[in-house]
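Asker: If you scroll down you'll find the structure; I have some questions about it.
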Amino acid sequence: MKVLLSGYNLDSSTIDELKQRSGWTKDNITPETLSAAYARISRDPRDIEELRKEAREEVDKSRKSNETIIFGLGHASVAEHAYFNFDIIGLSRFAVEQVQKFRMASFTEKSQRYITLEDDFVVPDEIKEAGFEKRFIELVKFQNENYHILYKALQQYLFDKHSEMISTKNGKRTVDGWAKEDARYVVSMATESQFGMSINARSLENMLRQLRNSDLFECRELSQKLYDLVKDISPSIIKYIEPTEYDKTNNLRIKEYAGNLKIKSTKKITNEVELIDYTPEPDKKIAEIILSSLGGLSSAEAKESVNGFDDVKLQEFYRTVFDKRTQHDPLKRYFEFADATFDLVVSSSNYAQLKRHRVASMLTSDYDVSLGFTLPENIKIIGMESKFNELMRITDKFYSELKSSLPYHAQYVLTNAHRRQLKLKMNFREIYHFMSLRLDEHAQWDIKNTAEKMLKDLVKIAPYSTMMCCGKSEFLNKSKKIFE
Ligand SMILES: Cc1cc2nc3c(=O)[nH]c(=O)nc-3n(C[C@H](O)[C@H](O)[C@H](O)COP(=O)(O)OP(=O)(O)OC[C@H]3O[C@@H](n4cnc5c(N)ncnc54)[C@H](O)[C@@H]3O)c2cc1C
């Protein structure tokens, strides 16, 4: 066996420095050569090392071959071997939502929990063009002033309450973070963010196309900036960045169709979490899959056998499945064969965290002021509820005015406390992972509330397959209870 390290990503400044020091002038520093060499593996019997050498020496030929293989023959996966990293600075939190919904990418973002906000915000071009710039800035500045007032008041309250904890540097930082995490509920979605993004070329091309099709100028501008940065480095693997007719018209067509159905919606949403669909009898389904894949039974035999399991037998079965598992062992794939779909109503702050769970399927509706807003409990405790409510009232009033001219872009002024509906589908393996992080003692209370309600519903339909589903910090206790 021979294994070679054929590449790894470097900071672009390191690449520039290396080029400068060596006086490098050749045009072969591109991840395209890796894609080109790997694309040839299936049909060229030579060692990969040789294919890579040839690809590096003849970049033009590599580019032609990439175009033929990726776009001509449709082997788009070849473009996944090329990887890029970007610093994205100064995008609004509203636009960040559109970028971070992409699944095949990695993001790390400045946290509004751990960093004090500095009042940086985007004034969207659409707001300027519609003549609302002045009032928009006034409102966002007012929200930001309130952020600082709330932060100081919450900090005081929490420092007093956790006086022992703040005696250490780390403890003080944690408690200070709790103050920030609640104060941020009043800042708008125009607030600037910064994040690092790592993405392969195939996924990037898809992202560029979708962002170009966005209703937000910010996203279209980002698409162009990202493209400008990669187009000369990798012209052969990122090509089709213009939205298709289907991209441009699909949503509109469906909205029009739905409108023509003339069904008057009387929906009244009362639950923040509602389990709307799931694999029938998930405990039995997962057991059936396990027995037929590992137990040497056919699918029909496994189904028949599991159908005869009573509660005692099911419990015994899952104790066997979970035996010896620690909180560091990921759940096995057979848990992916059952899933659950929820209708959720979540705050923008909650969604900012939820959207990062890339394995889940999520579909969001626009923010909707009729769903109310999420008020952090600590703000009530320190007696600033009415100040908070008044700010929401002022925000909602301006939002309604803006909405009549800019139905979509008006959402920029809504705050982290404002809410939207969300459809969320997860398989049980992802549910375990999600709960392990979001029910943990370090999880933020808002998303933790949602996770708790979801788990409550899941336990009713799948008491045994969810028996070890809990936050990381609770794992040992739970394990002791079940196994000792
Ligand atoms: C307490 C807490 C604080 C946080 N603070 C911050 C913060 O300050 N800033 C910030 O940006 N984020 C923060 N996050 C978000 C966190 O970094 C994750 O993005 C988020 O929790 C999603 O989890 P995940 O990436 O493990 O899993 P998911 O996206 O839910 O994926 C599930 C699993 O699939 C696998 N997987 C999915 N995609 C990939 C991939 N591309 N490569 C390899 N494996 C993959 C992994 O095993 C992963 O665990 C925080 C999360 C928590 C719980």
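Asker: Among the candidates R438, R429, which residue alone is within 14 Å of the ligand (Cβ to nearest atom) and under 25 Å from E316 (Cβ atoms)?
Answerer: Every option except R429 fails the conditions.
Asker: Could you go through region 157-169 and let me know if any residue there is at pLDDT 95 or above and in contact with a strand residue (DSSP E or B) (Cβ under 6 Å, 6 or more places away or on another chain).
Answerer: Checked region 157-169: no residue is at pLDDT 95 or above and in contact with a strand residue (DSSP E or B) (Cβ under 6 Å, 6 or more places away or on another chain).
Asker: Sticking with this structure for a sec: Report whether or not D343 is among the acidic types (D, E), in the same structural domain as E288 (by TED's automatic domain parsing), closer than 30 Å to K141 by Cα and in contact with a strand residue (DSSP E or B) (Cβ under 8 Å, 6 or more places away or on another chain).
Answerer: For D343, the condition - among the acidic types (D, E), in the same structural domain as E288 (by TED's automatic domain parsing), closer than 30 Å to K141 by Cα and in contact with a strand residue (DSSP E or B) (Cβ under 8 Å, 6 or more places away or on another chain) - is not met.
Asker: Another one. Tally time: how many residues in region 99-149 are aromatic (F, W, Y), under 16 Å from the mean Cα position of the chain (by Cα) and assigned to a helix (DSSP H, G or I)?
Answerer: Number of matching residues: 0.
Asker: Taking the conditions exactly as written (under 16 Å from K101 (Cβ atoms) and in a loop (DSSP other than H, G, I, E, B)), does V346 satisfy them or not?
Answerer: In short, no.
Asker: Continuing with the same structure: I'd like to check something: does region 78-86 contain any residue that is within 18 Å of the chain's Cα centre (by Cα) and either closer than 23 Å to I238 by Cβ or more than 16 Å from the ligand (Cβ to nearest atom) (or both)?
Answerer: yes
Asker: Still on this structure, I have one more. With respect to the numbered conditions (1) polar (S, T, N, Q); (2) in contact (Cβ under 8 Å) with a residue 60 or more places away in the chain; (3) within 16 Å of the ligand (Cβ to nearest atom), which one is the sole condition not fulfilled by S35?
Answerer: (3)
Asker: To continue, here is another question. For region 71-105, which residues satisfy the criterion of being loosely packed, with under 14 Cβ neighbours inside 10 Å, of a type outside the set (V, I, T) and over 11 Å from R202 (Cα atoms)?
Answerer: Correct list: G72, L73, G74, N85, D87, G90, R103.
Asker: Would you call E242 among the charged types (D, E, K, R), assigned to a helix (DSSP H, G or I) and not assigned by TED's automatic domain parsing to the domain that holds I70?
Answerer: no
Asker: Kindly indicate whether I290 is hydrophobic (A, V, I, L, M, F, W, C), in contact (Cβ under 8 Å) with a residue 60 or more places away in the chain, assigned by TED's automatic domain parsing to the domain that holds D457 and surrounded by 12 or more Cβ atoms within 10 Å (Cβ to Cβ).
Answerer: So I290 fails the test.
Asker: State which residue is farthest from S400 (Cα to Cα) when the search covers only region 102-134 and only residues that are among the basic types (K, R) and modelled with pLDDT under 95.
Answerer: That would be R103.
Asker: On the given criteria, is L208 within 29 Å of the chain's Cα centre (by Cα), in the same structural domain as M104 (by TED's automatic domain parsing) and modelled with pLDDT of 95 or more?
Answerer: yes
Asker: Only one of these is touching a strand residue (DSSP E or B) at 6+ places or on another chain (Cβ under 7 Å), within 16 Å of the ligand (Cβ to nearest atom), in a helix (DSSP H, G or I) and not β-branched (V, I, T): D457, D446. Name it.
Answerer: Only one candidate passes the filter, namely D446.
Asker: While we're on this one: Would you mention how many residues in region 1-27 are exposed (fewer than 12 other Cβ atoms within 10 Å of the Cβ), closer than 18 Å to V59 by Cβ and basic (K, R)?
Answerer: Final tally of qualifying residues: 1.
Asker: Cβ-Cβ distance below 7 Å, separation of 6 or more or different chains: which pairs start in region 99-110 with a residue that is more than 7 Å from the ligand (Cβ to nearest atom) and end on one that is assigned to a loop (DSSP other than H, G, I, E, B)?
Answerer: Q100/K355; Q100/R356; K101/K355; R103/R358
Asker: A follow-up question, please. Which members of region 254-287 meet the condition of being under 30 Å from E316 (Cβ atoms) and part of a strand (DSSP E or B)?
Answerer: Those that are under 30 Å from E316 (Cβ atoms) and part of a strand (DSSP E or B): L275, D277, Y278.
Asker: Identify all residues within region 221-251 that are surrounded by fewer than 17 Cβ atoms within 10 Å (Cβ to Cβ) and over 25 Å from I69 (Cα atoms); write none if there are none.
Answerer: E221, Q224, K225, K248, T249, N250, N251
Asker: Looking at region 20-54, which of its residues are among the aliphatic types (A, V, I, L, M) and either more than 36 Å from the chain's Cα centre (by Cα) or farther than 19 Å from D232 by Cβ (or both)?
Answerer: Within region 20-54, A37, A39, I41, I48, L51 meet the criteria.
Asker: Restricting attention to region 114-133, which residues are near the ligand (Cβ under 10 Å from one of its atoms) and either hydrophobic (A, V, I, L, M, F, W, C) or under 20 Å from V413 (Cα atoms) (or both)?
Answerer: I115
Asker: Let me ask you something else. K64: more than 30 Å from T14 (Cα to Cα), basic (K, R) and part of a helix (DSSP H, G or I), yes or no?
Answerer: Judged against the criteria, K64 is not a match.
Asker: Among the listed residues H442, H418, which satisfies the condition of being of a type outside the set (F, W, Y) and modelled with pLDDT under 95?
Answerer: Matching residue, one of H442, H418: H442.
Asker: Follow-up. If I filter region 1-30 down to residues being of a type in the set (G, A, S) and not in a helix (DSSP H, G or I), which single residue comes out as farthest from K64 (Cα to Cα)?
Answerer: Out of the qualifying residues, it is G23.
The values are calculated or read from the model by the stated rules, or taken from the named source; none is laboratory data. The structure presented is a predicted model; accordingly, all values stated were derived computationally and were not measured. Ideal geometry is used to build each Cβ from the backbone, glycine not excepted, and the neighbour counts take in all protein chains shown.
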